[in-house]
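Below: one structure, written as structure tokens.
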Amino acid sequence: MSNKMWGGRFVAGPDAVMEAINASIDFDRRFWAQDIAGSRAHAAMLVRQGILSEQDGKEIARGLDTIASEIEAGGFTFSKSLEDIHMNVEARLSELIGPAAGRLHTARSRNDQVATDFRLYVRDAVDRLDAAIAALQTALANKALEHHDVVMPGFTHLQAAQPVTFGHHLLAYVEMTARDRGRLQDARRRLNESPLGAAALAGTSFPIDREQTAAALGFDRPMANSLDAVSDRDFVLETLSALSILAVHMSRFAEEIVIWSSAQFGFVRLSDAWTTGSSIMPQKRNPDAAELVRAKTGRIFGATIGLMTVMKGLPLAYSKDMQEDKEPFFDALDAAELVVAAMTGMVSDMQPNRERMAAAAGAGYSTATDLADWLVRALNMPFREAHHVTGRIVAVASENSRDLDALTLEEFQAVDQRITAEVFEVLGVDNSVRSRTSYGGTAPANVKARAKTWIERLRS
């Protein structure tokens with residue numbers, strides 16, 4: 001039996017395999033709310049333009065309301081033989097209101113319909129994810145304020161470099177996620193144009209009002225080219241790209257949590273809520289939530305590359321290849337939302353080990369740069385000479401297995417007799433971090449002020 005939605009040209013139904021590969025209802029049913037919203041706006045415009053009678057418009061609106069209630073209540077039957085969410089809604093509408101349902105599709109195509117649904121869906125997803133990232137930022141800023149003066153080692157090459165504060169480290173991720181939110185908001189601004197009314201690819205001869213449907217659906221304007229309207233998926237690619245960069249940031253932080261919570265580091269502790277045990281080793285406390293955050297990055301990257309590969313060879317306008325745009329996006333979005341929620345939970349939960357962090361911060365001669373800076377300031381040495389003198393002093397300390405602040409003044413002066421007792425004022429990790437008062441520096445006063453600024457900004 002031919003498909004009643006497009007069967008006039010066909011005398012036989014599709015092969016079972018064709019039906020399986022062609023149908024999208026198993027995943028595009030997610031669009032049901034957006035599809036019904038688009039149909040409501042389209043029907044109202046058709047009535048206003050005199051293309052559809054008021055009575056038909058009322059019947060369509062009533063039927064769409066019924067379908068929305070059925071789907072919300074879980075009582076709607078989705079049919080794979082009807083291919084997609086558009087045909088499923090239209091078929092049910094026909095059962096409910098009869099011939100008037102067939103008039104709803106006047107002056108539109110499934111091509112502009114799905115493009116409209118997808119833009120509405122991505123817009124909603126971006127808004128939802130933006131709120132979730134803001135919650136993560138709030139958790140980070142609150143934790144940074146609470147621990148603005150907790151000293152820890154700052155690393156380069158994963159080697160202890162200079163002391164920083166735990167709060168300063170956390171605020172770095174607040175700044176990163178602010179850029180993530182900015183990229184998503186930029187993508188949202190660009191996607192907020194309406195494809196509805198572009199029809200299959202060339203527009204329509206009916207006197208439609210695309211400005212009206214765009215406004216009704218919250219779009220800024222209708223898209224200006226009908227070919228572009230139905231064939232563009234830049235908005236999905238751009239959103240996926242932003243999700244990929246967000247995933248990079250989450251994965252980097254997750255990696256640090258894995259390292260920090262190890263017995264060898266012991267910088268932070270996660271509670272039972274965010275760790276798991278072992279089936280054979282009773283002592284284990286595994287940071288599985290962080291590890292899975294790290295792993296889900298691959299799914300998001302895969303979705304981005306996958307859709308780029310689908311789109312790269314498609315001529316204008318619509319091709320059925322573009323049906324493969326939805327599943328990877330849904331998967332990436334679900335992963336991103338779960339990752340952000342997990343990171344928010346871990347940030348709120350984790351507690352730093354102040355003593356362990358402070359001890360590690362002083363290891364590896366991490367205040368050597370402070371010594372070099374002091375030689376420049378106090379003795380007017382060129383920095384390269386100060387760097388050389390400091391290196392010789394570090395060698396002395398290393399040979400004697402002592403920290404820099406444990407050396408005697410005589411040992412300092414044996415390297416350079418101009419060094420005075422004032423040098424001890426800059427040695428030690430607490431002195432080091434307090435001295436980093438430049439804008440964006442790790443000084444506790446800076447961190448406290450910046451955390452409060454972020455908390456206020458996020459609150460407002």
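About its Cα centre, what dipole magnitude does the stretch 404-460 give when the only charges are +1 on Lys and Arg Cβ and -1 on Asp and Glu Cβ, stated in debye to the nearest 20?
Here the stretch 404-460 has a charge dipole of around 800 debye.
Arrange the residues Met311, Met357 by how much accessible surface each exposes, largest first, with a 1.4 angstrom probe. Intermediate values should be presented prior to the final figure.
Details: Met311 35, Met357 0 Å².
The most accessible residue leads, giving Met311, Met357.
If contacts are Cα pairs under 8 angstrom and at least 6 residues apart, what is the relative contact order of the stretch 354-460 in percent?
Reported relative contact order: 24 percent.
For Asp130 and Ala16, compute 0.36 nm times the residue count separating them, minus their Cα-Cα distance, and round to one decimal in nm.
36.9 nm
Using a simple spin-label model with points 7 Å from Cα along the Cα→Cβ vector, what separation in nm is obtained for Glu291 and Ala449?
4.3
Where does helix 110-146 land angle-wise versus the long Cα axis of the chain, in degrees 0 to 90, nearest 10?
So the inclination is approximately 20 degrees.
Rounded to a whole number, what % of the accessible area of the chain do carbon and sulfur atoms account for, probe 1.4 Å?
The computed percentage sits at 52.
Given 37 °C and 0.692 mPa s, how large is the Stokes-Einstein diffusion coefficient of the chain in µm²/s, with Rh as the Kirkwood radius over Cα pairs?
It diffuses with D of about 124 µm²/s by this estimate.
Put +1 on the Cβ of each Lys and Arg and -1 on the Cβ of each Asp and Glu in the chain; which of Ser261, Ala406, Ala198 then has its Cα farthest toward the positive end of the dipole?
It is Ala198, whose Cα lies furthest towards the positive end.
What does the extension gain come out to for Arg354 and Glu255, with contour length at 0.36 nm per residue minus their alpha carbon separation? All intermediate terms of the calculation are to be shown ahead of the outcome.
Working: separation 99, 0.36 × 99 = 35.64 nm, distance 2.01 nm.
Gain on stretching Arg354 to Glu255: 33.6 nm.
With a/c under 1.5 counting as rounded, go ahead and sort the stretch 6-138 into rounded, prolate or oblate using the C-alpha gyration tensor (a ≥ b ≥ c being the square roots of the eigenvalues; past the cut-off, prolate if a/b is larger than b/c, else oblate).
oblate
Expressed as an acute angle from 0 to 90° and rounded to the nearest 10, what is the orientation of the C-alpha long axis of helix 444-459 relative to the principal long axis of the chain?
10
Per residue, what accessible area does the stretch 160-307 have, given a 1.4 Å probe and all protein chains present, in Å²?
44
Before rounding to the nearest 500, sum -39500 (n - 2.57) across all DSSP H runs of length at least 4 in the chain and divide by the residue total; then give [θ] at 222 nm in deg cm²/dmol.
Using -39500 (n - 2.57) per qualifying helix, the result is -20000 deg cm²/dmol.
Along Cα→Cβ, 7 Å out, is where each label goes; now give me the distance between the ones at Arg179 and Met308 in nm to one decimal.
Output for this residue pair reads 1.8 nm.
Search the structure for amide H atoms under 5 Å from the amide H of Val164, placed 1.01 Å from N in the peptide plane, and list their residues when 5 or more places away or on another chain.
Under 5 Å from the amide H of Val164 lie the amide H atoms of Met152, Gly154, each far enough along the sequence or on another chain.
What net charge do the residues around Thr66 carry, taking every other residue with its C-beta under 12 Å from that of Thr66, with Lys and Arg at +1 and Asp and Glu at -1?
Here the count lands on -3.
Could you state the angle between the C-alpha long axis of helix 54-72 and the longest principal axis of the C-alpha atoms of the chain, as a value from 0 to 90 degrees rounded to the nearest 10?
Roughly 50 degrees, rounded to the nearest 10.
Nearest 20 debye, what's the magnitude of the dipole of the chain about its Cα centre given +1 on Lys and Arg Cβ and -1 on Asp and Glu Cβ?
420
Given charges of +1 on the Cβ of Lys and Arg and -1 on the Cβ of Asp and Glu, with all other atoms neutral, how large is the dipole of the stretch 303-399 about its Cα centre, in debye to the nearest 20?
I would put it at about 480 debye.
Give the calculated FRET efficiency between Ser262 and Ser53 to the nearest 0.05, with a Förster radius of 41 Å applied to their Cβ-Cβ distance.
Approximately 0.05, to the nearest 0.05.
Could you please report the charge total around His147, scoring K, R as +1 and D, E as -1 over all other residues with beta-carbon less than 11 angstrom from its beta-carbon?
+1
Mind listing the long-range amide H neighbours of Val268? Cut-off is under 5 Å, sequence gap 5 or more, other chains count too, H placed in the peptide plane at 1.01 Å from N.
Ser261, Asn353
Given the options Ile419, His157, Ile280, identify the residue whose Cα lies farthest towards the positive end of the charge dipole of the chain (+1 on Cβ of Lys, Arg; -1 on Cβ of Asp, Glu).
Value: Ile419.
Going down the list Lys80/Lys326; Lys296/Lys448; Lys80/Lys320; Lys58/Lys80, which pairs span over 27 Å between their C-alpha atoms?
Going by Cα-Cα distance, Lys296/Lys448; Lys58/Lys80 fall outside the 27 Å limit.
Give me the one-decimal nm value for the distance between modelled label points at Arg384 and Ser69, 7 Å along each residue's Cα-to-Cβ direction.
It is 8.3 nm.
The values are calculated or read from the model by the stated rules, or taken from the named source; none is laboratory data. What you are looking at is a predicted structure, and each value in this text was computed from that prediction instead of being measured. Cβ: placed from backbone, ideal geometry, glycine included. Neighbour counts: every protein chain shown. Accessible surface is based on the protein model in full, side chains and every heavy atom, while ligands, DNA and RNA are left aside. Shrake-Rupley method; radii C 1.70, N 1.55, O 1.52, S 1.80 Å.
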